[in-house]
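The block underneath contains the structure these notes are about, expressed in structure tokens.
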Amino acid sequence: MNPNEKYAAIHYHSYLGLDKILEAQVPRSGQFGKEAHDETLFIIIHQVYELWFKQILHELQSLIGLFEAEAVDEKNIGSAVSRIDRINEIFKLLIHQIDVLETMTPLDFLEFRNFLFPASGFQSAQFRKTEVMLGLKMPQRFSYQEKPYYNQLSSAQQEEIKQLESQRSIFELIEDWLERTPFIKCDGFSFVEEYKIAIAKMIEREKQAITTNEYLSDEEREARLTMVSGNGEFFQQVLDPTAHAQKIEEGHVRISYDAMIAAVMIHVYRDQPILQLPCRLFGFNYDNG
Ligand code: HEM
């Protein structure tokens, strides 16, 4: 941008398109008789959600652009982290907005509900696009009235959604990126084998501490030793590719074994400068894959 260049002056109102936005709240109750006071809130809160959905889609599209690259440029991880942080903050805000919606009672809502039939949140194309771009695809969905979920959308929106369904989602792209993580296995070093040894040592240390702890009763000692052995088995399960494939089969886990191992390694070595940003890119929670 050339700071010396003179740009045509612009007014706040026209820059934000407020004529269009502030004219877009048309209560149907007003068109069919007595206008219900709370319908304006109902319209505005949905429009605000849709505006935030648009921002989330804007961020997701850029993230997909960053991770679609054959080799993701390390320099882009910083932008990716800040854009994911922004999406998370927006989701927090969307949840908080329900507090405003709840200032409308069910009876207030019923004053205009019947004028809105059959409109429904099922027809929010942006909500569906957000789900698909995040990674919720047809195989993971229920059909509604034995029809595909996008049946509620316009044909143009359906085409867009089908296009997105055929593209790789941010979940799949980050899974690919994790699977390409170097150092998992190289020059005789195997992170999984080293990690198994570290866990076995940790479990042994804990058992030793419990066994020699004179303040524990026999029952307490027994219970704690059982718990620690359980932790050991849990880690072995996590690191066992066959057990992982089984969990995917059963639908308990979605992320691939290699991507999960990479995430564990990034988490374990999160203090290494090169891994600090990648670690912030994703929350580490094994159970929901
Ligand atoms: C008084 C407030 C609200 C009521 C009573 C309400 C009611 C419902 C109902 C009954 C459904 C199930 C679909 C259906 O039967 O049509 C639904 C779905 C949905 N609503 Fe709302 N809703 C409200 C507010 C909102 C707001 C503010 C949004 C923001 C955009 C929203 C977005 C959605 C979406 C996206 C779905 C589809 C959810 C899914 O399939 O996963 N709703 N809503």
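Would you kindly identify the helices (runs of 4 or more DSSP H) lying entirely within the stretch 1-95 that contain at least 1 residues that are modelled with pLDDT under 95 and not hydrophobic (A, V, I, L, M, F, W, C)?
Values: elements: 12-15, 18-22, 28-31, 39-67.
Of the helices (runs of 4 or more DSSP H) lying wholly inside the stretch 1-95, those with at least 1 residues that are modelled with pLDDT under 95 and not hydrophobic (A, V, I, L, M, F, W, C) span 28-31.
In the set ALA156, ALA80, which member is in the same structural domain as GLY33 (by TED's automatic domain parsing), more than 9 Å from the ligand (Cβ to nearest atom), in contact with a Phe, Trp or Tyr (Cβ under 8 Å, 6 or more places away or on another chain) and not charged (D, E, K, R)?
That would be ALA80, the only listed residue that is in the same structural domain as GLY33 (by TED's automatic domain parsing), more than 9 Å from the ligand (Cβ to nearest atom), in contact with a Phe, Trp or Tyr (Cβ under 8 Å, 6 or more places away or on another chain) and not charged (D, E, K, R).
Considering only the stretch 157-216, state which residues are in a helix (DSSP H, G or I), within 30 Å of ALA71 (Cα to Cα) and of a type in the set (Lys, Arg).
LYS162, LYS196
Quick check on my filter: what residues within the stretch 1-21 are open to solvent by 100 Å² or more (accessible area, probe 1.4 Å) and of a type in the set (A, V, I, L, M)?
If the condition is that a residue be open to solvent by 100 Å² or more (accessible area, probe 1.4 Å) and of a type in the set (A, V, I, L, M), then MET1, ALA9, ILE10 are the ones that fit.
Are any of the residues in the stretch 188-210 exposed (fewer than 12 other Cβ atoms within 10 Å of the Cβ) and within 19 Å of ILE255 (Cα to Cα)?
Among the residues of the stretch 188-210, not one is exposed (fewer than 12 other Cβ atoms within 10 Å of the Cβ) and within 19 Å of ILE255 (Cα to Cα), which makes the answer no.
Select from the stretch 88-107 the residues that are open to solvent by less than 40 Å² (accessible area, probe 1.4 Å) and within 11 Å of the ligand (Cβ to nearest atom) and list them in ascending order.
Listed by number, the residues that qualify are LEU94, GLN97, MET104.
For the structure I just gave you, tell me whether GLU70 is more than 12 Å from the ligand (Cβ to nearest atom) and free of Cβ contacts under 8 Å to residues at least 24 places away in the same chain. Outline the logic, then answer.
Values: more than 12 Å from the ligand (Cβ to nearest atom): yes; free of Cβ contacts under 8 Å to residues at least 24 places away in the same chain: yes.
Yes, satisfied.
The values are calculated or read from the model by the stated rules, or taken from the named source; none is laboratory data. Bear in mind that the values here come from a model prediction, so they are computed numbers and not experimental data. Heads up, the Cβs are rebuilt from the backbone with ideal geometry, glycines too, and the neighbour counts pull from every protein chain shown. Accessible surface areas use protein heavy atoms only, side chains included; no ligands, DNA or RNA. Shrake-Rupley method; radii C 1.70, N 1.55, O 1.52, S 1.80 Å.
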